[in-house]
Amino acid sequence: MKGSIMSLILRLLQIILGADGGGKYSNINKHLRVATFYNPLGDIDNITVNNKGLMENEILETLANNMNFTYEILVPNDTLQFGLPRNESWSGVLGLLDRKEADVTISFGPVSYPKFLSFDATVGMITDNIVIMIPYPEQGIDASGLISNFCPVTWICIAVSTLIVTLVLWLIGWFQQEKDGKIDKGLLILYILAVTFSQGGYMIQKSTIFRMVQSAWLLALLVLAYAYSGSLISKLTAPKNRFLINSIEDAASNNNIMPFVVKESSAQEEFLLSPVPAFQEMARRWQEHPELLLRDSNTIVDLVSNKTNHIFIGSDVNARGNIEQDHRVHKRCRVTLIPKLLSRSNGLFLQKNSLLTSSFNAENLRLLQAGILRQIAVRHSSLSPACSVDLLSTPSIVPVPLRFNQLNAAFYVLAGGGCLSLVVFLIEIFFYYWKAFQSRVIVI
């Protein structure tokens, strides 16, 4: 009796650990029904082979060899994706698990709370990122630099200073017209404008005060002119890349941006479940515009590059593969990817409380520790992707307008020169009237 009880306990432990007396916990010796929605395993019509499909194929062969099982491939009839819950049932490959028609998915994906409640999931095997595909940015010369070199406050200070200098020079000429002659207003304005725009000019004046104000103004103008020309050259010689958007927040704030996504994919699920306002806005647009939900991502490069104000949200593994294939065909970049939104760890899914879960977890951990899964991912990924946004000058390094506090030294010189000239002017007036007082004719 005791022997039968011990045998039963040992058999239960073997079942729980996924062993079958072969010395390997992951050795299951079974025929499994494996669900996928990618080629080449799925042999699906009108679907090209992508990077994830190649990863799945190699991972399945590795698992079948190491865990000693045979398999048959099942493909969902409703949706070629993981699927989403529908009235207490699931679509896609998860629907096959939910209806007990499949034992495990070889298609890997992230675990969400609804999936956690309905299925078993293995440890993460492959890491991918959700990214945004946008039309390749147009390059052009930034002619707006003619105005945007200086901030508005700086432009206002320059305009006010020029008016004050013009007025002061005219007043000095008016007070000292007996010495230097009367200054023509039109000629003075023409002189100011010519010097301001670096066209040169010449105005003979003997007055020390006039020359001091003029020198202070020219010195300040020299600093401003060099600062302006240097900033303008940097903008005109560096092409500016005009991105459709720079972040998911830009897309959410612009109602004209239409986001494509693969229908019932894990990327769509991330947005449907997310509390982030920008993600919720994208999910709302998918509900209002069902034509944005795609069967697959095979033609996504053509859609994004040809349709105005359209982007694509999905996994970077397949997106980079699509971009590389398109680049080989067209010999130019038509789309690019902006920096990732979030990273995800992807595992396999099994029926809830499956006896196979521990076996797949044990083998996946062994493959992770040995670096085999990493090698598979690298073998079928783009290490140096074509049309990368990293090769472009992003908006973060575009020159910013020069602020007032960066140029205030020029205005301090002008103000200091003006104050010194005022002191000299007052002294000259004092001596002028003192001399006139001393030389007055006294009648006795």
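The values are calculated or read from the model by the stated rules, or taken from the named source; none is laboratory data. Everything quoted here is computed from the prediction, not taken from an experiment. Cβ: placed from backbone, ideal geometry, glycine included. Neighbour counts: every protein chain shown.
So here's what we get for this one:
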item	result
Number of the condition not met by THR105 [criteria: (1) surrounded by fewer than 22 Cβ atoms within 10 Å (Cβ to Cβ); (2) on the phi < 0 side of the Ramachandran plot; (3) among the polar types (S, T, N, Q); (4) at pLDDT 90 or above]	(1)
Candidates ASN346, ASN361, ASN322, filtered to the one that is touching a residue at least 60 places away in the same chain (Cβ under 8 Å) and either closer than 20 Å to GLY92 by Cα or assigned to a loop (DSSP other than H, G, I, E, B) (or both)	ASN346
Flag if LEU355 is outside any helix (DSSP H, G or I) and touching a residue at least 60 places away in the same chain (Cβ under 8 Å)	yes
Failed item, numbered, when PRO275 is tested on (1) surrounded by 15 or more Cβ atoms within 10 Å (Cβ to Cβ); (2) at pLDDT 90 or above; (3) of a type outside the set (D, E, K, R)	(1)
Any hit, segment 284-291, residues being in contact with a helix residue (DSSP H, G or I) (Cβ under 9 Å, 6 or more places away or on another chain) and among the basic types (Lys, Arg)	yes
Where a residue in segment 77-92 is not assigned by TED's automatic domain parsing to the domain that holds PHE37 and its partner, wherever it lies, is assigned to a strand (DSSP E or B) and surrounded by fewer than 13 Cβ atoms within 10 Å (Cβ to Cβ), with Cβ under 9 Å and at least six apart	none
Test: PHE360 is under 27 Å from PHE312 (Cα atoms) and either charged (D, E, K, R) or modelled with pLDDT of 85 or more (or both)	no
Per-region count, segment 118-141, residues closer than 13 Å to GLN351 by Cβ and outside any strand (DSSP E or B)	2
Residues of segment 285-330 satisfying the condition of being small (Gly, Ala, Ser) and touching a Pro at 6+ places or on another chain (Cβ under 8 Å)	SER305
Segment 285-319 - residue that is touching a residue at least 60 places away in the same chain (Cβ under 8 Å) and of a type in the set (S, T, N, Q) and, of those, nearest to SER382 (Cα to Cα)	ASN318
Residue within segment 111-124 that is loosely packed, with under 14 Cβ neighbours inside 10 Å and outside the structural domain of ASN57 (by TED's automatic domain parsing) present	no
Checklist (1) modelled with pLDDT under 80; (2) under 52 Å from the mean Cα position of the chain (by Cα); (3) part of a helix (DSSP H, G or I) applied to VAL153, failing item	(1)
Selection status of ASN246, in contact (Cβ under 8 Å) with a residue 40 or more places away in the chain, assigned to a strand (DSSP E or B) and over 30 Å from PRO114 (Cβ atoms)	no
Flag for VAL131 being of a type outside the set (Ser, Thr, Tyr) and crowded, with 17+ Cβ neighbours inside 10 Å	yes
